[in-house]
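*Asks:* Questions regarding the structure given below will be posed in turn.
The values are calculated or read from the model by the stated rules, or taken from the named source; none is laboratory data. Bear in mind that the values here come from a model prediction, so they are computed numbers and not experimental data. No Cβ is skipped: glycine too gets one built from the backbone with ideal geometry, and neighbour counts run over all protein chains shown.
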Amino acid sequence: MQSLFAFEQCKEANYQLALDLLAERFKPDLNSMEVQDKVLLKKQHKAARQAFENKFQEIEKETVAAPIAKVVDEALELYHKQVKKDRTFLGKNITIEIQKLTDTYHHVLGLIIAFAEVAASDKKPVHANLLSQPIVRALIENEQLKKELLRSAGWSGEVNLVRDWFREIVKEDKEYLAFIEQKEADAEAQKGFLKHLLRKIILANNAINDYFDEQDIRWAEDKDIIKSLADKTIKSFENGKVELQKVSLDWEDDKLFIDKLFENTTELAPEFKELIASNTKNWEVDRLPLTDRVILEMAITEMIYFPNIPVKVTINEYIELAKDYSTPKSRQFINGILDVMSKKMKESGAMKKSGRGLIDNK
């Protein structure tokens, strides 16, 4: 959704670049020795802009002079070239960002290990108890995590930063101090403390959180996912081992879904955009809040191009997106519009469901 939102903003920016090109082509040439006819240039610019807008909207109008038509074509070519470039970049960037999410998850687990190693070197021997905890040892000895941290260099290049956090944040935490004083802690106590370390120290509103926020432009959204993955990792501790979690259980299948949803949403036929417009009462589709428009277009795309997904499942998912990312009234608005449009697309034959998609989840 964020990539599609960014794509819409890119299209607006590219449209403005095209208009800027038109304006530039019809400016007086200050380096020319000839007298510049500013009135004529202004008239030509106006005609070029109107011709550009007509062509952009595919409206048939009377032809313009060849020099003007040439500039209009250049502006349209620039627009379409930039849009194609942005679509390709953003489409590829989705999978890159998901991989970064996995890397950040490993980085957070690596910070638990880094804190334990720093604690072991503290002048007070009691802090070494953190490194000796079986659940921490399980993280250290997990071959997959070891491999991932080695690949990314973990926290080896930021030891001084980890020491500062340990001294200024961890050592000031009462639960941490109480935990390391325990000679023995059972598995549940270890899990409980590590969840506290994760939620109340590493992912709390402090300098550590600020660090991750600077590293990840989507941290506000990614943070909850990281928390969930790390929680499940801690919960999995059993018989001296932990199990690393996956952002996707079937990455190849999910990647196909992501690519198809993004591509088909960016190329959604005008008839479906008109369907949105005709069902939003006095709101034209281009006047809807951009977030709502993106959500509606994604939902319609999913209904049309993913026949195995039940309509109710799609509607519920996009209601949740509206609830989390749009205006307070958007949830009911999205629900009502999608319900009406799904029925109209079913009646027209634009939406055909099969397999699991035939399930009516009332």
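*Asks:* Residue check: is Ile180 free of Cβ contacts under 8 Å to residues at least 40 places away in the same chain, surrounded by 13 or more Cβ atoms within 10 Å (Cβ to Cβ) and under 15 Å from Ile112 (Cα atoms)?
*Replies:* On the way: free of Cβ contacts under 8 Å to residues at least 40 places away in the same chain: no; surrounded by 13 or more Cβ atoms within 10 Å (Cβ to Cβ): yes; under 15 Å from Ile112 (Cα atoms): yes.
No, not satisfied.
*Asks:* Which members of region 79-97 meet the condition of being surrounded by 16 or more Cβ atoms within 10 Å (Cβ to Cβ) and of a type in the set (A, V, I, L, M, F, W, C)?
*Replies:* Val83, Leu90, Ile94
*Asks:* Could you tell me how many of the residues in region 105-142 are among the hydroxyl-bearing types (Ser, Thr, Tyr) and buried (at least 22 other Cβ atoms within 10 Å of the Cβ)? Working first, answer last.
*Replies:* First, the residues of region 105-142 that are among the hydroxyl-bearing types (Ser, Thr, Tyr): 105, 121, 132.
Among the residues that remain, those that are also buried (at least 22 other Cβ atoms within 10 Å of the Cβ) are: 105.
Total satisfying the criteria: 1.
*Asks:* Restricting the first residue to region 333-349 and requiring it to be assigned by TED's automatic domain parsing to the domain that holds Val294, which pairs with a second residue that is at pLDDT below 90 and among the β-branched types (Val, Ile, Thr) meet a Cβ separation below 9 Å and a spacing of at least six or different chains?
*Replies:* Phe333/Thr280; Phe333/Thr327; Ile337/Ile276; Ile337/Thr280; Met341/Ile276
*Asks:* A follow-up question, please. Any residue that is of a type outside the set (Lys, Arg), under 16 Å from the mean Cα position of the chain (by Cα) and not in a helix (DSSP H, G or I) - is there at least one of those in region 245-259?
*Replies:* Step one: filter region 245-259 for residues of a type outside the set (Lys, Arg), giving 245, 247-254, 256-259.
Okay, now just the ones that are also under 16 Å from the mean Cα position of the chain (by Cα), so 247-248, 254, 257-259.
If we keep only those that are not in a helix (DSSP H, G or I) too, we end up with 247-248.
For region 245-259, residues of a type outside the set (Lys, Arg), under 16 Å from the mean Cα position of the chain (by Cα) and not in a helix (DSSP H, G or I): present.
*Asks:* Something else: Mind checking whether some residue in region 277-293 is closer than 21 Å to Gly357 by Cβ, within 24 Å of the chain's Cα centre (by Cα) and not assigned by TED's automatic domain parsing to the domain that holds Gln144? Even if it seems obvious, please write down each step before you answer.
*Replies:* The first filter runs over region 277-293 and keeps only residues closer than 21 Å to Gly357 by Cβ, leaving none.
Within region 277-293, none of the residues are closer than 21 Å to Gly357 by Cβ, within 24 Å of the chain's Cα centre (by Cα) and not assigned by TED's automatic domain parsing to the domain that holds Gln144.
*Asks:* Taking the conditions exactly as written (more than 20 Å from Glu188 (Cα to Cα) and outside any loop (DSSP other than H, G, I, E, B)), does Gly154 satisfy them or not? Give the steps one after another, and end with the answer.
*Replies:* Details: more than 20 Å from Glu188 (Cα to Cα): yes; outside any loop (DSSP other than H, G, I, E, B): no.
So Gly154 does not fit the description; no.
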